[in-house]
Amino acid sequence: MGSTLRPMGSSVEEDLSALLRSVHGGGSFATRRTAPIGDLAIEVTEVGELSLPVTAAQARKLRLVARPAKYGRGEQTILDRAVRDTWEVPRSRVRIDKRRWNRTLGPMLDTIRDDLGLPGASSLRAQLHSMLLYERGQFFAAHQDSEKHDQMVATLVVMLPSRSTGGDLVVSHRSESVRYSGSASSLTF
């Protein structure tokens, strides 16, 4: 039978907290990768198959089938354009050729897992939550994504190629921030 020695006045929680602070993984809190567009085929009801990069005409059609995007705060779903001012295409309108898409997505998820320093034996799975469309001046204020289920470890953003400018994605953790831009010719993860 073994026992654990602790300094007087130390609690199990303090010991665990100290141990966790001493762990330094090899991964980052965020990563950016790109991939060619060839394996992604997206069709949107009443818009048709999207060409990549997305054209201005298709963006206008997407806007016509979109609705103002809501966001989650705890158990609530809220519409407040002072916090999130963007358009959301309902997931029910979006069709992705999964057979083709998985040729790119599967290996990309393995690369992202490694970039984040997650165990090599683990596997990531991505689920489409929403398709967002940002027009000039639209934004989503700084926030922490809400967990969609208990096993969620991250949010994967896939930016479709477009010729738009601005609209960088900023990811922050503690006192560190990174800024990611999209591409006119590649998928950006």
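The values are calculated or read from the model by the stated rules, or taken from the named source; none is laboratory data. Keep in mind it's a predicted model, so treat the numbers as computed, not measured. Positions of Cβ are backbone-derived with ideal geometry, glycine not excepted, and every protein chain shown enters the neighbour counts. What goes into the accessible areas is simple: the full protein's heavy atoms, side chains included, and nothing from ligands, DNA or RNA. Shrake-Rupley method; radii C 1.70, N 1.55, O 1.52, S 1.80 Å.
Worth a mention:
- Set side by side, the residues VAL65, VAL44, VAL54 differ, and just one is among the aliphatic types (A, V, I, L, M) and more than 27 Å from SER146 (Cα to Cα), which is VAL54.
- Taken together, the residues in the stretch 94-107 that are over 21 Å from LEU169 (Cα atoms) and surrounded by 16 or more Cβ atoms within 10 Å (Cβ to Cβ) amount to 3.
- Subset of the stretch 45-58 [crowded, with 17+ Cβ neighbours inside 10 Å and under 25 Å from PRO107 (Cα atoms)]: LEU50, LEU52, PRO53, VAL54
- Residues considered: ARG163, ARG179. Of these, the only one that is open to solvent by 90 Å² or more (accessible area, probe 1.4 Å) and touching a residue at least 40 places away in the same chain (Cβ under 8 Å) is ARG163.
- Pairs with Cβ under 6 Å, 6+ apart, first in the stretch 118-147 and among the aromatic types (Phe, Trp, Tyr), second open to solvent by 90 Å² or more (accessible area, probe 1.4 Å) and modelled with pLDDT under 90: none
- Residue within the stretch 105-120 that is in a strand (DSSP E or B) and either of a type in the set (Val, Ile, Thr) or at pLDDT 90 or above (or both) present: no
- First in the stretch 87-99 and over 11 Å from THR45 (Cα atoms), second anywhere and of a type in the set (Gly, Ala, Ser), Cβ under 9 Å, 6 or more apart: TRP87/ALA66; TRP87/ALA69; GLU88/ALA66; GLU88/ALA69; GLU88/SER130; ILE96/ALA41; ASP97/ALA41
- Filtered residues of the stretch 129-160 (kept if surrounded by fewer than 12 Cβ atoms within 10 Å (Cβ to Cβ) and either in contact with a Ser or Thr (Cβ under 8 Å, 6 or more places away or on another chain) or under 24 Å from ILE42 (Cα atoms) (or both)): ARG136, ALA142, LYS148
- Close pairs (6 angstrom Cβ cut-off, 6 or more residues apart or separate chains): assigned to a helix (DSSP H, G or I) in the stretch 55-84, open to solvent by 80 Å² or more (accessible area, probe 1.4 Å) anywhere: VAL65/GLU46
- Residue, nearest to HIS143 (Cα to Cα), within the stretch 61-93, restricted to residues that are surrounded by 15 or more Cβ atoms within 10 Å (Cβ to Cβ) and of a type in the set (Asp, Glu): ASP85
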